[in-house]
Every structure is written in structure tokens, then in C-alpha cells.
Amino acid sequence: MDKARVLTLFIGVVHAGSFSQAAVEAGLSAQAVSKAIRQLEEYLGVRLFHRTTRSLSLTDEGQRLFELANPGLRLLDEALDHVRNSREAVDGMIRIAAPTSLGTVMLAPLLREFQELYPGAHFDLLFDDHFTDLIESKIDVGFRAGNPPERNLVARQLGRMPLYICAAPGYIARHGAPRTVEDLQQHRCTGFRQPNTGRVVPWELKGQGGTVYRDVPCVATFNTTEGEVEAVRAGLGIGQLALYMVERDLAEGRLVHLLPTHVTANAAVYMYYPQRSRMPMRVRHFIDFMVKRQWTAFI
């Protein structure tokens, strides 16, 4: 017996004052409603209605059940209405995962802009340079730089990510600037160690025949983009860095762009999220907002 169903029909009969009218309102036959009430009476071991050909009234046990069940079903209806309506509302929590550098540099200002449009939206942010499993971590939207996420996810490319070879003016004053890619072998360079694999990522350079990958002499390797950028700013060495991390440094003269003809933009920044048809409206608005934004450090 479907207890919620038969209780709903029982309360419907009480409100309608007849089995036939309750059946019409429920879209059922009068026989189906009568059968459901009999099942409920057999389950409880009591009679719920006094029935005659002209009238229908509650027994004492029926009255007691109505007084107990009616508020509970009303609360259930309110709960269902609340959840249904919340799907249409932009208010509520949006859970986001992103690499630390991308989250702090690019996302934070955009979250502020989104909240100006939708003040009732709130964010729970997980910054982690490892790939985040959205389902396991209960994340609504994820961001990552590099290759598109695999697995059963929707991935939206936000833009290509240029990689610039940079050095601080102080480094150039002490060691000079490389004029060719081959000159890099005589310089002090920095490297990035991939958090997922532990492998130092070779530099990606544009050559005459296309993209080439070079291992450079690293004086220091880092497992965070922020750490490598800070080291290059401090003059430790030459680094190949994502433009979104150093765009302001280049504009304000804290870093110098070297070997500009060798810039590549093969990697991209992606937004990804689970495949689902009943997405909360706040998440849908957030995804649409991010797709429409102009990510200035991307192409």
C-alpha cells in the first residue's frame, strides 16, 4: 500500500464530502478511491467513515486521523512547492571548483559581478589544482585550464590560454635577455610540476613547423602557478606563464615579455558541469553569465 497516496485520497474525500467528488478531483474512478479507503481501513483495523446512501461522515477514529494527517500533508505540499519554486529562483548556494590561480585571479571579480545582478546567490568555493570529481564533491560548476575534462561532463570552452615567456627587469639587468629559443639553455628558468602526475611540464613554444616542446634548465620547479609567478617577479629566473596570471605585471612593467614570436595558445580554459536536465535556475544563470563574459587574458 502506498501510504502517502491513500492518505492523500482520504483527506481529499474529507474535504470533498463525497467519494465521487474526490475521485473527480484526483482524476480517478469512484471505485478506485473507495478501494483505497478500504485498504487504509484494513491496514489500520478501524472504520474511518460512516457511509449511507445520502451522507458521509467521519468516525471518531477517522476524525483523529484527519486531524493528525492533514497538517502533515500540508507541510509536505509546502515542502514540495518550496523545492519546485527554488528551481526557478536564482537565490541559493552555487558550489564551484577551480584551480587556485584561476579562482583567485579570474573568478573572484566575476563572482562579485554576478552577485550584483543576483544578490541572493551565494558561493561555496573549492580551490584545488587537482581535477575535482563534481558528483563526488557535490559541485555544481567546475573550471580548469589545459585539456577538456573527460568523463560524462558538459565542457564549455571559455577561451584559449596564451603562454608568455617572462622575466623581471632585475633578472634581465643581471643576466641579459635571450634572443632565441636556443639561448634559453644558457639562462636560469623556472618550471611547473604537474600536481596530478608530479612531472615537470616542458615549455610549449611556437616554431616554424608548429608547436615544439622543450625542457629548459630549471633553477626551481613549483607545484603551484602562484609560486612560480612570484619567483619570476622576484627575479629568480625566466618563466613561461599563463597570460591571465601576468597581464597586469606586463602592463605595469614588473615583468617583461620575451621571445614574443614563440607564444602559443594551445591550452584552453574550460567550464564544466554534470549532464542533467533539471538544473537549478541559479546554476543555469551562472553558466550563461560566465559564457558571456569577456575573459580579457584569453583569446
For residues that are surrounded by fewer than 16 Cβ atoms within 10 Å (Cβ to Cβ) and either among the acidic types (Asp, Glu) or touching a Cys at 6+ places or on another chain (Cβ under 9 Å) (or both), tally how many sit in segment 163-199. 2
Taking segment 237-278 on its own, how many of its residues are free of Cβ contacts under 8 Å to residues at least 12 places away in the same chain and under 26 Å from the mean Cα position of the chain (by Cα)? 2
When segment 73-119 is checked residue by residue, the ones that are at pLDDT 85 or above and of a type in the set (Lys, Arg) are Arg95, Arg112
For segment 194-225 the number of residues that are out of contact with any Pro (no Cβ under 7 Å at 6 or more places or on another chain) and among the acidic types (Asp, Glu) is 1
Free of Cβ contacts under 8 Å to residues at least 12 places away in the same chain and assigned to a helix (DSSP H, G or I), is that true of Arg282? no
Apart from one, (1) under 30 Å from Arg214 (Cα atoms); (2) surrounded by fewer than 18 Cβ atoms within 10 Å (Cβ to Cβ) all hold for Glu116; the odd one out is (1)
Subset of segment 1-47 (residues that are closer than 17 Å to Leu58 by Cα, of a type outside the set (Phe, Trp, Tyr) and touching a residue at least 40 places away in the same chain (Cβ under 8 Å)): Leu7, Thr8, Ile11, Val13, Val14
What is the residue count in segment 1-35 for residues that are closer than 14 Å to Ala69 by Cβ and surrounded by 14 or more Cβ atoms within 10 Å (Cβ to Cβ)? 9
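Residue-wise test of (1) surrounded by fewer than 21 Cβ atoms within 10 Å (Cβ to Cβ); (2) aromatic (Phe, Trp, Tyr); (3) closer than 24 Å to Arg293 by Cα; (4) assigned by TED's automatic domain parsing to the domain that holds Val181.
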position	(1), (2), (3), (4)
Trp203	no, yes, no, yes
Val229	no, no, no, yes
Gly237	no, no, no, yes
Leu241	no, no, yes, yes
Arg248	yes, no, yes, yes
Ala251	yes, no, yes, yes
Arg254	yes, no, no, yes
Gln275	yes, no, yes, no
Pro280	yes, no, yes, no
Against the condition at pLDDT below 80, charged (D, E, K, R), in a helix (DSSP H, G or I) and not assigned by TED's automatic domain parsing to the domain that holds Ala121, how does Glu25 come out, does it pass? no
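The values are calculated or read from the model by the stated rules, or taken from the named source; none is laboratory data. Just so you know, these numbers come straight off a predicted model, no measurement behind them. As a convention, Cβ positions derive from the backbone with ideal geometry for all residues, glycine included, and neighbour counts pool all protein chains shown.
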